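The values are calculated or read from the model by the stated rules, or taken from the named source; none is laboratory data. Predicted model, so just to flag it, every value in this text is computed and none were measured. Quick reminder, even Gly has a Cβ in these numbers, built from the backbone with ideal geometry, and neighbours come from all protein chains shown. For the accessible areas, the whole protein counts, side chains as well, though only heavy atoms, and no ligand, DNA or RNA atoms are used. Shrake-Rupley method; radii C 1.70, N 1.55, O 1.52, S 1.80 Å.
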Amino acid sequence: MTKTLSVGDLLYHSVHGLCCIKEIIKEKEAGKEKLRYALVPKLFSQMKLRFVIGADDVYASGFHTPVSLKEANAILEYLTRSQVTATPLKAEPTTLNVFAEKNQTWALAQSLLSCSRDEMQAKEQKKRQTLHRSAKGLVRELAFVFEITAQEAAEKIRKSLERTLKVNSLVLSALESAHES
């Protein structure tokens, strides 16, 4: 069920951002040949990060192909809806979208929408952390897809959310901090 990826393919992670497959490593493990991908973040920090992940574990570890432009627009449309639903809008699948794990970007949007309607209190640390991770991941991925700054992506998301409801101030704060980091 896993589609093999190629050197140079881009994968996205909500925490690590955009990563490129720099190397494909074939190793023997328990008598079977296993594929591993060496992923390098496109935005380098002072730390030289490199992730080596088994081909079977790429999606489970949070990496996925970036959403398409059409899917990014569908996500913004989804955020304008006044009711939180269990399933996001259907969008045309990209190369790897056919896997259930691919819906990670939609999960970020659902989390953000849910928090925006919730009367969450500042003292609820776990919910706040989830909110900040969701905002940061969604802002960064949409900024990449739309080829705009993170600030512009955060603004698009905010406008989509505000079309149909009064957004929780903690969500607005999370969007503000998401484009600053």
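Brief remarks on what is shown
- Qualifying residue in the range 100-107 (condition: among the aliphatic types (A, V, I, L, M), crowded, with 22+ Cβ neighbours inside 10 Å and modelled with pLDDT of 85 or more): no
- Just so you know, in the range 108-122 the residues that are outside any loop (DSSP other than H, G, I, E, B) and surrounded by fewer than 20 Cβ atoms within 10 Å (Cβ to Cβ) include one that is modelled with the lowest pLDDT, and it is 117.
- If you go through the range 4-32 and keep only what is farther than 18 Å from residue 135 by Cα, assigned to a loop (DSSP other than H, G, I, E, B), hydrophobic (A, V, I, L, M, F, W, C) and open to solvent by 20 Å² or more (accessible area, probe 1.4 Å), you end up with 7, 30.
- In the range 148-180, residue most open to solvent (accessible area, probe 1.4 Å) [restricted to those that are without any contact (Cβ under 8 Å) to a residue 60 or more places away in the chain and not in a helix (DSSP H, G or I)]: 166
- Scanning the range 43-60 finds one or more residues that are open to solvent by 50 Å² or more (accessible area, probe 1.4 Å), modelled with pLDDT of 85 or more and within 20 Å of residue 137 (Cβ to Cβ).
- Applying the criterion of being among the polar types (S, T, N, Q) and open to solvent by 70 Å² or more (accessible area, probe 1.4 Å) to the residues of the range 123-147, the residue that is nearest to residue 75 (Cα to Cα) is 129.
- Residue within the range 33-42 that is within 17 Å of residue 67 (Cβ to Cβ) and at pLDDT below 85 present: yes
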